[in-house]
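Notes follow the structure.
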Amino acid sequence: MDQMFSVDEARALMPEIHERAAEFVARRADLTELSAALADGASSPKGGLAEMKALQAWLSEALAWFPDHGIQVKGAAPLLIDFPAVLDGENVLLCWIEGEPNLAWYHRADLGFAGRRPLPS
């Protein structure tokens, strides 16, 4: 069975998620820049093929942390994660996307991102 989070439990993880997300976003940008340079046959201060492969591996491992902790990854660019939860007796997903300062949204699992609503106060 999937782990279920309370709003408080999910919010307690947000400092670590912000930290992990910041590093993920920086390395994702490095990979994008390096990949573009290599595709154009140009040199890059980010390195070469070996560094590109290392960045790809790092990003993959970084994303694996989330499901290992019961958190669903819905997107990598932008980083979008969901915490399975029950809110007012209904199964929902507490939703966070990179750039948001805190966990403030949820949606029904069957509606996805387009069904996001603010968490009740």
Largest-first ordering by accessible area, 1.4 Å probe, given options S43, S121, S60: S121, S43, S60
Result for the chain: accessible area per residue, probe 1.4 angstrom, in square angstrom, of 59 Å²
Through the Karplus equation 6.51 cos²θ - 1.76 cosθ + 1.60, θ set to phi - 60°, convert the phi angles of segment 53-64 into ³J(HN,Hα) values in whole Hz; use x for Gly and Pro. 5, 5, 5, 4, 5, 4, 4, 4, 5, 5, 5, 5
Which trypsin sites (Lys or Arg not before Pro) in segment 66-121 sit in a loop by DSSP (not H, G, I, E or B) and have at most 16 other Cβ atoms within 10 Å of their own Cβ? R116
Keeping all protein chains in place and using 1.4 angstrom, which order do E98, E19 fall into by accessible surface area, from largest down? E19, E98
Percent of Cα pairs exceeding the 16 Å cut-off, where the set is segment 13-57: 40 percent
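For the chain, what does -39500 (n - 2.57) per DSSP helix run (n ≥ 4), summed and divided by total residues, give at 222 nm, in deg cm²/dmol to the nearest 500? Intermediate results must be reported in sequence, preceding the final value.
Details: 3 runs with 52 residues, N = 121.
Helices in the chain give a 222 nm mean residue ellipticity of -14500 deg cm²/dmol.
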Under a 1.4 angstrom probe, counting protein chains only, how are K46, K53 ranked by accessible area, largest first? K53, K46
In segment 47-101, carbon and sulfur make up what percent of the accessible area (probe 1.4 Å)? 57 percent
Calculated from backbone phi, Karplus (6.51, -1.76, 1.60) coupling profile of segment 14-22 in Hz, x at Gly/Pro: 4, x, 5, 5, 4, 5, 5, 5, 4
Looking at the chain, what % of the alpha carbon pairs are farther apart than 26 Å? 30 percent
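The values are calculated or read from the model by the stated rules, or taken from the named source; none is laboratory data. If you're wondering where the values come from, they're calculated on a predicted model, not measured in any experiment. Reconstructed Cβ throughout: ideal geometry from the backbone, glycine too, with neighbour counts over all protein chains shown. What goes into the accessible areas is simple: the full protein's heavy atoms, side chains included, and nothing from ligands, DNA or RNA. Shrake-Rupley method; radii C 1.70, N 1.55, O 1.52, S 1.80 Å.
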